[in-house]
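Report on the following structure.
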Amino acid sequence: MTETSTRRDVLRGVGVAVTGVAVAGCSTGGSSGDGSGGSDGGEEQSGSWFPSPDALGTSGPYRSQYGDVAALRSAASSVDATSVVESRMGASAATRLVSDPSSIEAVGRAAAASGTDQFLAVAGTFAASDVRTSFESVETQGTTTVGSYTVHRLGNENVLGVRDGVAIAASDADTVRTVADVRAGEADSYADAVPMYAETAAPLADAHLRTLRPVRSNATATFEGLRFRGQSMTVVDGELRVVAALCFEDDASVPESEIRDRVSSSTEGSESSTLESVTVEGRVAVVTVTQPLSRLSG
């Protein structure tokens, strides 16, 4: 088994793919009540990036991804944190939104079950004037105002909400308003509205990269009764800590032994992955594996 396949098989064995990992964590900066502060990374802000499914207008729970670029940059100065987050999240548009990618401190992305992106948000130390509002063959078709955001209508039928420190690309101005409202505490967040999301997110709260998504049916679940899953990556003391969180229907349905056996089998004899623990917190199983830092960019 190669090092690359080992890294992926470890998490595939418990129903998550490393290639989809993304995040939330802690960074510097803060926000005023309307989200109009300067720097915008950080645990408080990462928790409020994502609205409830009803507020966002999705048919049910959706996939959320968060990358704490500033915290990753601080923990692993040898890697290009912005590029890593962009690549891991599949958010290649993030660095095209601002003139100076090094000013990006956080990236958030939401996608519906169908795979359709709901929004891509970038936060950092940049000014509104540093955000690009026109692109090759996609010109601005006018602007409107949503709270502290100037919303640019783009020729591709999408919009871009901009203020100092934040840019939100979305399909319409209502989505920009919804994200702004949840960040200001004026709308229900995903964690407020969906207990399984909150429970799955809890073990991943300090990660540099985090992604959470619902499991639609037993037919697509790795384990019977699996309803929500999350995965994260965090750089700790020069190593990469990879965590998978699996949320089941109820406490009694968590197959702890089966999970442990699968992960142990995946990591046995591996020189690039070490199983640290398999624990159960309520109806959530948490698998923690450590890997060399080089795997972060692999």
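The values are calculated or read from the model by the stated rules, or taken from the named source; none is laboratory data. Since this is a predicted model, take the numbers as computed values, not measurements. A quick note on method: Cβ atoms are made from the backbone with ideal geometry, for glycine too, and the neighbour counts reach across all protein chains shown.
Some notes on this structure:
- Matching residues in the stretch 105-120 - criterion: being under 15 Å from residue 69 (Cα atoms) and in contact with an Asp or Glu (Cβ under 9 Å, 6 or more places away or on another chain): 105, 106, 107, 109
- Across the stretch 216-269, the number of residues qualifying as over 16 Å from residue 287 (Cβ atoms), in contact with a strand residue (DSSP E or B) (Cβ under 6 Å, 6 or more places away or on another chain) and surrounded by 20 or more Cβ atoms within 10 Å (Cβ to Cβ) comes to 1.
- Index of the failed condition, residue 207 passing every other in (1) in a loop (DSSP other than H, G, I, E, B); (2) among the hydrophobic types (A, V, I, L, M, F, W, C); (3) surrounded by fewer than 22 Cβ atoms within 10 Å (Cβ to Cβ): (3)
- One residue stands out among those in the stretch 123-139 that are farther than 10 Å from residue 166 by Cα and among the small types (Gly, Ala, Ser): the one that is modelled with the highest pLDDT, which is 129.
- Whichever residue in the stretch 214-258 is basic (Lys, Arg) and in contact with a helix residue (DSSP H, G or I) (Cβ under 8 Å, 6 or more places away or on another chain) and, among such residues, is farthest from residue 77 (Cα to Cα): 227
- Here the stretch 50-66 is the region considered, the condition is being in contact with a Gly (Cβ under 8 Å, 6 or more places away or on another chain) and over 14 Å from residue 117 (Cβ atoms), and the residue that is surrounded by the most Cβ atoms within 10 Å (Cβ to Cβ) is 66.
- Filtering the stretch 270-298 to residues that are touching a strand residue (DSSP E or B) at 6+ places or on another chain (Cβ under 6 Å) and in a helix (DSSP H, G or I) leaves 293, 295, 296.
- Looking across the stretch 76-130 at every residue that is over 26 Å from residue 241 (Cα atoms), of a type in the set (Ser, Thr, Tyr) and touching a residue at least 24 places away in the same chain (Cβ under 8 Å), the one that is surrounded by the most Cβ atoms within 10 Å (Cβ to Cβ) is identified as 125.
One line per residue, one yes/no per condition, for (1) crowded, with 17+ Cβ neighbours inside 10 Å; (2) part of a loop (DSSP other than H, G, I, E, B):
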| position | (1), (2) |
| --- | --- |
| 169 | yes, no |
| 175 | yes, no |
| 181 | yes, no |
| 186 | no, yes |
| 191 | yes, no |
| 202 | no, no |
| 211 | yes, no |
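- Residue match in the stretch 224-231 (condition: touching a Cys at 6+ places or on another chain (Cβ under 7 Å) and in a loop (DSSP other than H, G, I, E, B)): no
- Count of the stretch 164-175 residues which are over 16 Å from residue 64 (Cα atoms) and in contact (Cβ under 8 Å) with a residue 24 or more places away in the chain: 7
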